[in-house]
Amino acid sequence: MAKLHFRYGAMNAGKTTILLQTAYNYEERGQKVILIKPSIDTKGNEKVVSRIGLSRNVDALISPTDSIFDKIESSLSCTNCILVDEAQFLTQSQVDELFHITKLYNIPVIAFGLRTDFKSNGFEGSIRLLELADALEEMPTICRCGKKARFSARKVNGEFTNVGNSVVVDGTQNVEYESLCGFCYISKVLKLKKK
């Protein structure tokens, strides 16, 4: 039986690069993939774009009110794998649909995304993926101090912040993100110190 996979990590863990490599590997063997991403991710518009410059057109751009099943139903009979970029932006019902597709259609789904936002709160899609996924894989990256980074910190105009909307796409409004370990997140973002 096919599985729902959730591969998660902090910003800059290479999630999109691995997604694109996975698509390439399937297609190199003559297999068909469907690549989807939530429309809230406006970076690249109708493309998936990795920070190292790789890109690819998406097969389905999913808005928060869309049914994933309705968007891709006509392609399911000839699909070998569904790949999802920025899966944290999916709704709970959309993640449920992906889980149902793996079981009813025997098509593996590999979803890539963040576990938490810059305030260390879970995204709706990520929470549901953590609840339903058959396989979980944390994709490592490193903090500026060299330790394993698990948090995605937001910087506005070069300064760390923990206020604002959960979703602001990288590169807009003078916003950028940096991956931090727990200690650096607490000291640089929350500005807590040992007493």
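The values are calculated or read from the model by the stated rules, or taken from the named source; none is laboratory data. As the structure is a computational prediction, the values presented were derived from the model and not from experiment. Neighbour counts run over all protein chains shown; Cβ positions are idealised from the backbone, glycine included. Each accessible area value is taken on the protein alone, full model and side chains, heavy atoms only, with ligands, DNA and RNA left out. Shrake-Rupley method; radii C 1.70, N 1.55, O 1.52, S 1.80 Å.
Considering all different alpha carbon pairs of the chain, the Kirkwood hydrodynamic radius works out to 17.2 Å. Past the 28 Å Cα-Cα mark, which pairs from 103/147; 15/155; 43/194; 71/103; 119/194; 43/103? The pairs that break the limit, which is 28 Å between Cα atoms, are 103/147; 43/194; 43/103.
Can you give the accessible area per residue of region 1-120, in Å², using a 1.4 Å probe? Please report the intermediate quantities before stating the final value.
Numbers: 5400 Å² over 120 residues.
Ligands and nucleic acids excluded, the result is 45 Å² per residue.
Protein heavy-atom surface of region 87-158, 1.4 angstrom probe: 50% of the accessible area is carbon and sulfur, with nucleic acids and ligands not counted. With the Kirkwood sum run over all distinct C-alpha pairs, region 87-184 has a hydrodynamic radius of 14.8 Å. Scaling against 2.2 N^0.38 Å puts the C-alpha radius of gyration of region 55-138 at 1.06.
Listed highest first by mean packing, meaning other Cβ atoms within 10 Å per residue, what order do 125-134, 86-95 come in?
Details: 125-134: 19.5, 86-95: 23.2.
Peptide ranking by packing, descending: 86-95, 125-134.
Here region 93-116 and region 68-85 have alpha carbon centers that stand 10 Å from each other.
Kirkwood hydrodynamic radius for region 1-89: how many Å is it when counted over pairs of different Cα atoms? All intermediate terms of the calculation are to be shown ahead of the outcome.
Values: mean 1/r = 0.0733 Å⁻¹.
Final number for the Kirkwood radius of region 1-89 is 13.6 Å.
Summarising the strand pairing of the chain, around 45 percent of its internal DSSP beta bridges are antiparallel.
Taking a point 7 Å from the Cα of residue 73 along the Cα-to-Cβ direction, none of the residues of region 87-126 has its backbone N closer than 11 Å to it.
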